[in-house]
Structure formats: C-alpha cells, structure tokens
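To keep things clear, I will list the structure first and then write my remarks on it.
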There are 2 protein chains.
Amino acid sequence: MIKNQIKKVAFTWPNGYYNDGIKLGIGVSDKLDFGYLVSEVPANAAGTYTTNQFQAAPTKLTKTMINQDHQLQAVVMNSAIANSCTGAQGEADAHEEQQLVTDKLQLDPSLVGVASTGLIGAFLPMDKIKQGIAQLSPHHGDNVTRAVMTTDKQPKHACVQLEMAGKKVTITGFAKGSGMIHPKMATMLGFVTTDAAVDGDFLQQMLSQNVDTTFNQITVDGDTSTNDMVVVMANGKADTPELTSVDDADYEAFNTGLHTVLGELAKQIAADGEGATKLVECNVSGALNEMEGQEVAKAIVGSNLVKAAVFGQDPNWGRIIATVGNTTAHVDTEHVAIMVNDVPMVADSVAVPFDEQAASQKMGADKVVIDVDLHAGDATGQAWGCDLTYNYVKINASYHT
Amino acid sequence: MIKNQIKKVAFTWPNGYYNDGIKLGIGVSDKLDFGYLVSEVPANAAGTYTTNQFQAAPTKLTKTMINQDHQLQAVVMNSAIANSCTGAQGEADAHEEQQLVTDKLQLDPSLVGVASTGLIGAFLPMDKIKQGIAQLSPHHGDNVTRAVMTTDKQPKHACVQLEMAGKKVTITGFAKGSGMIHPKMATMLGFVTTDAAVDGDFLQQMLSQNVDTTFNQITVDGDTSTNDMVVVMANGKADTPELTSVDDADYEAFNTGLHTVLGELAKQIAADGEGATKLVECNVSGALNEMEGQEVAKAIVGSNLVKAAVFGQDPNWGRIIATVGNTTAHVDTEHVAIMVNDVPMVADSVAVPFDEQAASQKMGADKVVIDVDLHAGDATGQAWGCDLTYNYVKINASYHT
C-alpha cells in the first residue's frame, strides 16, 4: 500500500539544494576530488558514524556539529585523502576547512560539516583545499556525487518521490563505497537530502533505525573504515507539515521512502565493491528473531569462500552451510534448506540432487541470490555483498603506491 | 631454561606407532588420500573439535570415542570428501568405517577414531573405503601425513625430543590445513603422538590450553570448517612415569614440547594457506590483558585489506590501525605504535617518516612481522596468517568443479 506511493525516479535534487564537484589534484588520479553540498536554508539533520575506535577528524567534527542541534546547511567533502590518524594537525585542518566554508557562505560554523575519504594517515594539502573552496560555485548537476568516489566504478545515487499533505516531496541520496566496507552504524560516506520538513531528533531516530537494515547489512571485505558517515538533511522547502513522530499521517510514507533510498544506495555499494563482478543478496528465513536472521545473512555474504565460489560460478553450498554453522544463531541443524538463484541445493541439511552445470550457468547472472531457511523461527534477515575476484586482490595490493 | 631441553629434530615417530597412506581415488586428484595412524598399545588421548554447529559425522564420532575414557589406539583418515552435512547416511558410513578398522586390528571400537577432510556434502565411497582398509599395512614413513592433504602444497610436521626421568621422549605432530582455516578450538586436522605417559584427563587439559595460543591464533580466510579436530595420543612406550598434574617434575618440559609442536604446525598451516606466498606474524604488546592482545593480533592477520597489502608489499599501515580500531580491545588511541619488518611506521598514532621503497622491499621476505603496541597495558598476543593473493581466488573459484 505505502510502497505504491513511493516512486523511484531519475536523479534529481529536492528543492533548495545545490552542489559542486571539481578536480583539485589531491591524489594522483584524474577525477573530481573536491566538492560541497549546500541547502539554501538551514536543514534539520541527522547522522550515523563509524564505530571504529580511530574516528577520523572530519567524521568527529561533523558528528559534533550535528549533535549540537541537529541542524546543518553545508557539507564540504574530498576524496583521495581520509584525514584519519593525523593527530592534532588533522583536527586543525578539518576545523580550518570548516571555517573557510563558513566564511565563504556566511554561515554559522555549527551549520557546516566536513567529510573526507581515501588514504589513512596522510595530511590534507591545505593550500589546495583553500584554492578549492574559493572555486566552488552553485550547480544543480551531480558533480558532488563523483567528487567523493575513490575506487568506485560509478557514482551511486537513489531518488524517490512521494506526496505528503498534497505536496510533492523528493528524497535523494548518494554514496561512495568500494573498499573497507563493513559498516557498523554507517558506510564510508552517504548523504541524503530531502525537501520534506522533519524534526531533527525524529530524523535521527528514523535514520538510525533504517541504517540497521540497509547500510549495516552490507559488506565488501569485512573491514570498517575510520571515516564512515551517513548524513541526512531535511530542509522543509517542499512546504510540508513537520514530521515529529510515528503517529503523523505521512510518517510511514516518508520512512518507507527514506528506507528505499538508503537500501538502494547500500545495494549499489555492495554491487560496486572493489573488484566485484556480481551483487550477492542473501535472504534468510526461519530465524528465531530478526537480529539472528541479519547476523546469518551478513555472515554468508561476508565469507571469502562463498564470495570466491560466487565469482567462479561454483554451486558449492557446503561453504554456505559451514558459514551458517559458524554463527551463534539458533539453527535447526537437521532441517536447513538452501537455494541459489532459485535452484534448491539443500533440504533437511543434506544435498538434494540438482543439475550442477545448469546451476553454475544461473550463477553467471549479475545478481546471485542465496536463500537460506534456518527452520528455527519465523523471522527473516537480508544482507548484500559481492564476489571475491582477482581484481579485488589487484586493487588492494597496489592501492597505496 | 626449559626451552633448552626441547630439541627440534628431523621427522621421526615416537616409539610404538605405525602408519600407512595409500591412493584410493576418493577424489579426482592423483595424490594419497587414505591412511591410518596406529599405536601398538592403547594410548591415552585428548582432542579438541570444531565449534561449527554443523559438526561432521567423523568429528562427532571421534569426539565421542575420546570422551568415553580418553583412550585411543587408531585413527583412520581420508581426504577429498569431508563426510559433512551427510545426515544419517554419513553417520552410518563413519560407524561402518570404524567397525572395519576395529575388525582388521582386533580392537575395541572405543579405541578407533575416524577423520575426514575435503568437500562438504558428498558421501564417502564405501566400496573404496572397504578395499582401502583391507590394503592398509604397518609402515614407519610419513605417508599418512600426505594422505590427509587437500590443497596443501606440502605435508606439515613438527617433531621435538626431550628427556623425562632420564628417558628420551619424542613428540611428533602432523596437520593438514590450507583453506577454511579460522579455527575455534582446533584446526582442520592435526594429530600429535608421543611415547611419554600422560594421564588422559590431564592430557586433555594441556591440549586445550595450548591450542588457545597456537591453532586458535591462526587464520587463512576467516572460515571455520565443519571437520576441525586436533587429537593427541600418548602411548607411554618411552617408559616414563605418568604425568598427572602440573606439579610433576617433568610437566613443564613436556608441556613446552607439546606447545612447540602445536605452534610449529599452526605456523606451517598459516604459511601454506591457500594461495599464500608469505607467512604473516602479528605481535601485539601493550594490551590490557592476554585475551585482548590475542584478539587484536588475530584481527590484523585476518583483515583482507592487510593481507592484500602484504601480498603487494605495500607499507599501508592505515589498514593495520583501522583493524585495531575495529576491535573492542582497549587501545590508547593517541599512542599506538606500529612496525612492519622492523621499520617503524607509526608512533603516537600518527605517521613517522620512513623510506617507503625500502620498507616495501623488506616486505618481500617470506615472513612479514607486524608489531603493534596498544599502550593500554602490559599483556601481549600473537597470531599468524598469510597474504591474500590471486591464487587464493583462483583455488577457491574452482575448488569444487
């Protein structure tokens, strides 16, 4: 019912946002590497952040800004260098960058966030950053979504529209992913903008809940970055009544729209994991509770052996069931069932005969879906990952040099 | 002091053991795939077993036999097929195999263990197994250590000698490893024999303790097999007084010898991980307690990104510190220090200048040692793994077919 009210549409920004993305030459690559995202008016804002004990300076600063009053108007961002593990100098650099944007846009510093992604341990080239901030100007294309890419093959966006109180509302998100992806509370960098009006605390609550079943359920390589951050901004430019609680008429529609955008971005990140040729989706059923269903699904898409088998189109279900057994989730070990791209391979925890060649061929699709029934309850779980390929090794054996 | 009493020696069996390894053609490969290990007299025995919820039929059966009275005289073993996730048929097959060996050697069934390793989900070819058991005969070479290999490039053994009560005692172990290696309580298959006399319960206690700092501290790919098992047999043929407690005069020497054998096997498994070109050792210092030191060390050698960087000889310490931050161990996040093959790269959690080319060259060695100081206490931890290579992907994208 609600789902039908949410329309996925081609990339477009909500009312009242502009952005820019330019090439500063922060790293060695030839791509856009610096940009900003700005709301014309202060927006209510929410964020989730990496749980890595080494939280990068920009991530820390943005978290502090958002937590002050759940408001934000601009985020300046760069790729190539993460400004992480850079000590006092790194914190000073993040502050200086924030101050330069504050001056340029004539805003209160508390409304300006900073985001960085790239190599850990290197310092931001502040001279270039200064020049870059001077060059940024308002545009309505998608350059900012390209400026945050590192080893991403393509920009990741998701855009939905819905009606709230008779007005058209747009929710648009973008993200960068690729490597060091195993989010705990957020992914590398994700930004969602909307022109709906949403109370800041309530927006935080919705974001945190939805991140648990979207960004937190993807994995590329089991490594959690120091710079992970998802930020949502709601500037109210659609002139809708402010959402403040789950009892509001339009809560469910907006929340579904937000979940859709976060889920689409999460899947795009998994599909474009470093070196990936395929998206892997795992649907767990028969779990004792949702937490255990999610745990098992994420373990399966995270197993190197399962990921390598998917790359090789090898219907090697033994690796899937071994991964199930390595979790602490409740499992009826006599009655597990497994299907891969609709081919039943296991029933009652033992092999069922299937045509291995045909199954292998089906695994050649862009998306491999693994269905696992634990027969331990009625709850479900879902997670997304990618295959493990020669290119993953290649990219990561030579990322730094 | 004690260490000096333990001599590492070339491969030899303790008194009173024989073995055999033959080629039955259980799988498609051309190698030895079936064998047994036998003590001339009943030996006291101990074992540790996989914590995977899907414990394979042979692992279950051997555990039951050992737990009855901590005695064992023979173990029959095969590679190529794991007899795991094979239901009632698989359990019947393991029992039949045990019975056939029992009949051949005229032993009580409770003295016969069974071990299998290889593809999950396939059934043992019982006709071949019957023929194989008829063919086995007593030898003193190392064929059994080759019969258990799967994708292992070479057999893994370790052998030490020491004196106990004026008598020479030998402790000899062998193991198979390679893939699905992330032991929790044991590794794929490991067998240790000694001619010392050791009480069964006490042997179990020593094994369990030593496994925690050896086999349980290695990882190849983060996947724990359904067939993991380490078995120790002590047949007393060296005519030494039976060890029964930590207060016995020779306890410390024997325990150090046992730890040495288990540790050597564990390192050999890590170095010969699927596709590996290098052994990676991580030494953590400054941990709050030993458990946290071990946790951090194992997390670092288990990180795909660290493993790929080691393969590429990329001194990318950011991946090491990010992995530290992803653990729940206590860390002084302002004062972490990191060295790789003796090159200091991080002090007080920020980069120290180093010659990247020279550091990269040093990482070309067969062994890469990562030293991490958490500055949170006085405890240490140690773990072993290997690099992540094109060949790991190749082997595991085509293991089954």
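The values are calculated or read from the model by the stated rules, or taken from the named source; none is laboratory data. Everything numeric in this text was worked out from a predicted model, so none of it was measured. Cβ coordinates were reconstructed from backbone atoms using ideal geometry, including for glycine residues, and neighbour counts include every protein chain displayed. Ligands, DNA and RNA are stripped out before the accessible areas are found, and what is left, the full protein with its side chains, is counted by its heavy atoms. Shrake-Rupley method; radii C 1.70, N 1.55, O 1.52, S 1.80 Å.
Distance between the C-alpha centers of region A:12-45 and region B:11-75? Whole Å please.
Spelled out, the Cα-based centre of one part sits 63 Å from the other.
Apply the Debye scattering formula to the protein assembly as shown, with a single equal point scatterer on each alpha-carbon and no solvent, then give log10 I(q)/I(0) at q = 0.06, 0.08, 0.10 Å⁻¹.
Evaluating at q = 0.06, 0.08, 0.10 Å⁻¹ gives log10 I(q)/I(0) of -0.42, -0.71, -1.02.
Report which residues of region B:378-398 become buried by 30 Å² or more of accessible surface when going from the isolated chain to the complete set of protein chains (1.4 Å probe; DNA, RNA and ligands ignored).
The answer is B:Leu388, B:Tyr390, B:Tyr392, B:Val393, B:Asn396, B:Ala397.
What share of the DSSP beta bridges in region A:279-397 is antiparallel, in percent to the nearest 5?
On the way: 16 of 23 bridges.
Of all bridge pairs located within region A:279-397, approximately 70 percent are antiparallel.
What fraction of the DSSP beta bridges in the protein assembly as shown is antiparallel, stated in percent and rounded to the nearest 5? Walk me through the intermediate numbers first.
Details: 107 of 149 bridges.
For the protein assembly as shown, the DSSP antiparallel bridge percentage is about 70.
First measure r as the distance between the Cβ atoms of A:Asp127 and B:Glu252, then evaluate 1/(1 + (r/R0)^6) with R0 = 56 Å and state the FRET efficiency to the nearest 0.05. Walk me through the numbers on the way to the answer.
Details: r = 63 Å, r/R0 = 1.12.
FRET efficiency, A:Asp127 to B:Glu252: 0.35.
Compute the label-point distances linking A:Thr51 to its equivalents in the other copies; points lie 7 Å from Cα along Cα→Cβ; give nm, one decimal, shortest first.
Output for A:Thr51: 1.8 nm, nearest copy listed first.
Looking for one value pair here: nearest-to-axis residue in chain A (by Cβ) for the rotation onto B, and the distance in whole angstrom.
Taking the axis that maps A onto B, the answer comes out as A:Tyr390, 3.
Would you mind counting up the charge near A:Leu279? Only other residues with Cβ under 11 Å from its Cβ, with Lys and Arg at +1 and Asp and Glu at -1. Kindly include the intermediate steps, with their values, before the conclusion.
Values: positive: A:Lys267, A:Lys278, A:Lys367; negative: A:Asp272, A:Glu281, A:Asp366, A:Asp387.
Every neighbour counted, the sum reads -1.
Would you be so kind as to list the residues of region B:97-121 that have their accessible area lowered by at least 40 Å² in the full protein complex compared with their chain by itself (1.4 Å probe)?
Correct list: B:Ile120.
Keeping the other protein chains in place, figure out the carbon and sulfur percent of the accessible area of chain B, with a 1.4 Å probe.
That share works out to 49 percent.
With a 1.4 Å probe on protein heavy atoms only, tell me which residues of region A:266-315 lose at least 50 Å² of accessible surface in the complex relative to the chain by itself.
A:Asn304, A:Leu305, A:Asp314
Nearest 100 Å², what total accessible surface is buried between chain B and chain A (probe 1.4 Å)? Write out the running numbers ahead of the final one.
On the way: alone 16210 and 16220 Å², together 27880 Å².
Buried: approximately 4500 Å² between A and B.
In bins 10 Å wide, starting from 0, what share of all Cα pairs of region A:2-271 does each bin hold, as a percent?
8, 34, 39, 17, 3, 0
Net charge near B:Phe11, counting Lys/Arg +1 and Asp/Glu -1 over other residues with Cβ under 11 Å of its Cβ? Please report the intermediate quantities before stating the final value.
On the way: positive: B:Lys8, B:Lys156; negative: B:Asp142.
Computed value for this residue: +1.
Over 26 Å between C-alpha atoms is what I'm after, so list which of A:Lys278/B:Lys60; A:Lys8/A:Lys176; B:Lys31/B:Lys307; B:Lys8/B:Lys237; B:Lys267/B:Lys307 land there. Write down the numbers at each step before the final one.
Working: A:Lys278/B:Lys60 37 Å; A:Lys8/A:Lys176 20 Å; B:Lys31/B:Lys307 30 Å; B:Lys8/B:Lys237 20 Å; B:Lys267/B:Lys307 16 Å.
Result: A:Lys278/B:Lys60; B:Lys31/B:Lys307 exceed 26 Å.
With all pairs of different alpha carbon atoms counted, what Kirkwood hydrodynamic radius in Å does region A:279-397 show?
With all distinct Cα pairs of region A:279-397 included, I get 14.1 Å.
Hey, what's the protein assembly as shown come to in accessible area per residue, 1.4 Å probe, Å²? Intermediate values should be presented prior to the final figure.
Working: 27880 Å² over 802 residues.
Ligands and nucleic acids excluded, the figure is 35 Å² per residue.
List the distances, in nm to one decimal, from the label point of A:Val352 to the label points of the same position in every other copy, shortest first, placing each label point 7 Å from Cα along the Cα-to-Cβ direction.
Spacings between copies for this position, smallest first, are 6.1 nm.
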